[in-house]
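S.K.: Here it is, the structure, as structure tokens.
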Amino acid sequence: MFGICLLRNNIFKFMSEITPKSKSNKLTLFIFIALIAGIALGFVLNKSYVQQENQTIAQLESGQQQNVIAGTSVATAADVQKVWKEQKASAVKARDKKLEAFSLMADIFLRLIKMIVAPLVFSTLVVGVAKLGDIKAVGRIGGKTLLWFFSASLLSLFLGMLLVNLFQPGAHMHLALPDTAVDLGIQKSAFSLANFLHHIFPTSIFQAMAENEILQIVIFSLLFGTATAAIGEKGKIIIEFFESVSDVILKITGYVMNLAPVAVFGAMVAIIAKQGPSILKTYSIFIGEFYLGLSVLWIVLILIAFFIIGKRVISLIKRMKEPALLAFSTSSSEAAFPKMMLELERFGCNNRIVSFVLPLGYSFNLDGSMMYMTFASLFIAQSYGIHLPFATQLSMLLVLMLTSKGIAGVPRASLVVIAGTLGTFNIPEAGLALLLGIDPILDMGRSATNVIGNSIATAVVSKWEAALDA
């Protein structure tokens, strides 16, 4: 650890002498250097330090896949599944222990970011709503925001559906239907109005903040901010207080962001050392086509934004390079949240709009995750040779649209939603095993796309509200 810190300090000292003095530019450069260095060291460790554990896990997974494809009896499948899970868990635990130091670098940074997010969302949203002045303004901006969110979500889902039908990434798999007794350990998420509403409305704001339930924090903040505006002069004290709180939180954000290069380095070492080049080779077609799909989605969103905010969309994307790179490296769009708020305000978005739209976006506008859901679901169907008519695919799209809302914050949320949707359309849930190994790699692209989608959404709503400064 001391050697890594010393290396980081020397890199910082050297790069400060050859790069521009802009703090933002230097941090972006350090993150990029950490990304490359982490990938390089990850490959070295994969081939040496954790090679034995990786080989054991690969052999076990290969045996499990053969068992699933063969379709053994329920009793035999259950016994094999139990032994397989125990042996794999032991190998994974040994590998994780070796890479623990690198994982901690990213984990500590993400914990610090999560520490900031809840009070930052609460304080900024209360101030933003209170300054809007009345419930009509809140309703007007909220309506425009949700209109963009649902339109962008449908676009992402539909684009994913079109591209997976065009590319046919699962067609070459030719897998036999698996045994239904296989348990992947992934919780299903079927749509339920009661569960959806329970997830939206908090029983305790303190519990919601402790668990980082962003949507529940948003609901309470909207009510708190609206009530603050309604009491008139008395509310000015509260507004001034929360303005000071948000300034303090943003200052803390600056301190935490200095650790971003270390977090990126640790995250990349851990993921590359675990996955290695073989997983990229095996699923290169699917990974390549999915990332091509994300690129197409970026282009479509940028073109739409161009017709609304003009050439400034290029400047917006340039400002988002650091948050997007951070989200990509850590596989967490949440890690980029504080930096996004700063950059959007510097871009010219009104702080009231930013503090209102951005938190909502983290529950309702996950464009990258939306595309992945249709892409992955239809990939699994193709892998087992299951033909789904276009009308059925449209039905799946609408189901995914409903089940995905309000699930932000659930671990591996995309896989949870997909698991619940596959059964509805008689697609083997065991097919998720095809994606478990590469999900961390795909999650990096999803996270970066979520950042771009939410930044464009905030800029567009600001433009619609005539609150986008030059």
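S.K.: Given A229, A267, A327, A336, which one is assigned to a helix (DSSP H, G or I) and either of a type in the set (S, T, N, Q) or touching a Leu at 6+ places or on another chain (Cβ under 6 Å) (or both)?
M.R.: Answer to the check: A336.
S.K.: Would you pick out the residues in the range 350-369 that are among the hydrophobic types (A, V, I, L, M, F, W, C), touching a Lys or Arg at 6+ places or on another chain (Cβ under 9 Å) and either closer than 30 Å to G38 by Cβ or not in a helix (DSSP H, G or I) (or both)?
M.R.: The answer is L366, and nothing else.
S.K.: Specify which of the listed residues (D79, D107, D96) is farther than 23 Å from L398 by Cβ, among the acidic types (D, E) and modelled with pLDDT under 80.
M.R.: D79
S.K.: Restricted to the range 127-143, and to residues that are of a type in the set (V, I, T) and over 19 Å from T253 (Cα atoms), which residue is surrounded by the most Cβ atoms within 10 Å (Cβ to Cβ)?
M.R.: That would be V129.
S.K.: Exactly one of (1) closer than 30 Å to A419 by Cβ; (2) modelled with pLDDT under 90; (3) crowded, with 17+ Cβ neighbours inside 10 Å; (4) among the aliphatic types (A, V, I, L, M) is unmet by I205. Its number?
M.R.: Going through (1) closer than 30 Å to A419 by Cβ; (2) modelled with pLDDT under 90; (3) crowded, with 17+ Cβ neighbours inside 10 Å; (4) among the aliphatic types (A, V, I, L, M) one by one, I205 breaks only (1).
S.K.: Which condition from (1) of a type in the set (A, V, I, L, M, F, W, C); (2) closer than 30 Å to Q168 by Cβ; (3) free of Cβ contacts under 8 Å to residues at least 24 places away in the same chain is the one that I302 breaks?
M.R.: Unmet for I302, out of (1) of a type in the set (A, V, I, L, M, F, W, C); (2) closer than 30 Å to Q168 by Cβ; (3) free of Cβ contacts under 8 Å to residues at least 24 places away in the same chain: (3).
S.K.: Just to be sure I understand, how many residues within the range 453-470 are under 13 Å from S151 (Cα atoms) and among the aromatic types (F, W, Y)?
M.R.: Selection size over the range 453-470: 0.
S.K.: Determine whether I231 is out of contact with any Asp or Glu (no Cβ under 6 Å at 6 or more places or on another chain), among the β-branched types (V, I, T) and either surrounded by 13 or more Cβ atoms within 10 Å (Cβ to Cβ) or closer than 25 Å to L366 by Cα (or both).
M.R.: Spelling it out, it is not the case that I231 is out of contact with any Asp or Glu (no Cβ under 6 Å at 6 or more places or on another chain), among the β-branched types (V, I, T) and either surrounded by 13 or more Cβ atoms within 10 Å (Cβ to Cβ) or closer than 25 Å to L366 by Cα (or both).
S.K.: Only one of G431, G423, G453 is under 25 Å from G385 (Cα atoms), surrounded by 24 or more Cβ atoms within 10 Å (Cβ to Cβ) and of a type outside the set (V, I, T). Can you tell me which?
M.R.: G431
S.K.: Same structure again: Consider only pairs whose beta carbons are under 7 Å apart and that are at least six residues apart or on different chains; among these, list those whose first residue lies in the range 343-355 and is of a type in the set (D, E, K, R) and whose second residue is not in a helix (DSSP H, G or I).
M.R.: E343/M320
S.K.: Kindly indicate which of Y255, Y291 is part of a helix (DSSP H, G or I) and either within 25 Å of F347 (Cβ to Cβ) or not aromatic (F, W, Y) (or both).
M.R.: Going through Y255, Y291 in turn, just one is part of a helix (DSSP H, G or I) and either within 25 Å of F347 (Cβ to Cβ) or not aromatic (F, W, Y) (or both): Y255.
S.K.: Starting from residues that are assigned to a helix (DSSP H, G or I), surrounded by fewer than 16 Cβ atoms within 10 Å (Cβ to Cβ) and not hydrophobic (A, V, I, L, M, F, W, C), keep the ones in the range 6-25 and report whichever is modelled with the highest pLDDT.
M.R.: Result: N25.
The values are calculated or read from the model by the stated rules, or taken from the named source; none is laboratory data. In this text, all values refer to a predicted model and were calculated from it rather than measured experimentally. All Cβ positions, even for glycine, are placed from backbone atoms using ideal geometry, and neighbour counts span all protein chains on display.
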